[in-house]
Amino acid sequence: ERITFLVSDILDLVLDPESCDLVICFACFPHLEHKVEAMKIISGILKKGGCLAVAHLLSSREINDHHRKAPAVMHDLMPDETEMKRIFTEANLVVEYSTDKPGFYLMIGRKR
């Protein structure tokens, strides 16, 4: 009852401020055109102490190598760890966990 799945363009998201405990961005982050703005919107809907998880079933290197070979997504790249941490910080999220290894990527942040 307490779980809702929502499919929406992040820039058109219609959720109340501070209404979510957890947001999962699975296999979509590289495709966000305005990554910082999107993260700020996500942060805005998270409750204080809420979590954001950015996850993929490939490492950032594997994602970027794959995307560079496909013209339709060749510019949709996963930022490196330093840039991702900067994006999280700009969105008022503290990185609590990060792993980037072959076959798996996960960064978890908590709203301040």
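Coordinate-derived values only; no laboratory data. Owing to the predicted nature of the structure, the values given are computational and were not obtained by experimental measurement.
Quick look at the values:
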quantity: ³J(HN,Hα), Karplus 6.51/-1.76/1.60, whole Hz, each residue of region 84-93, x for Gly, Pro; calculated: 4, 5, 5, 4, 4, 4, 4, 8, 6, 10
quantity: Highest-fluctuation residue, Met84, Met74, Met39 considered, GNM on the chain with Cα pairs under 10 Å; calculated: Met74
quantity: Cubic angstrom per residue, convex hull over Cα atoms of the chain; calculated: 103 Å³
quantity: Kirkwood Rh, angstrom, region 36-101 [1 / mean 1/r, Cα pairs]; calculated: 13.1 Å
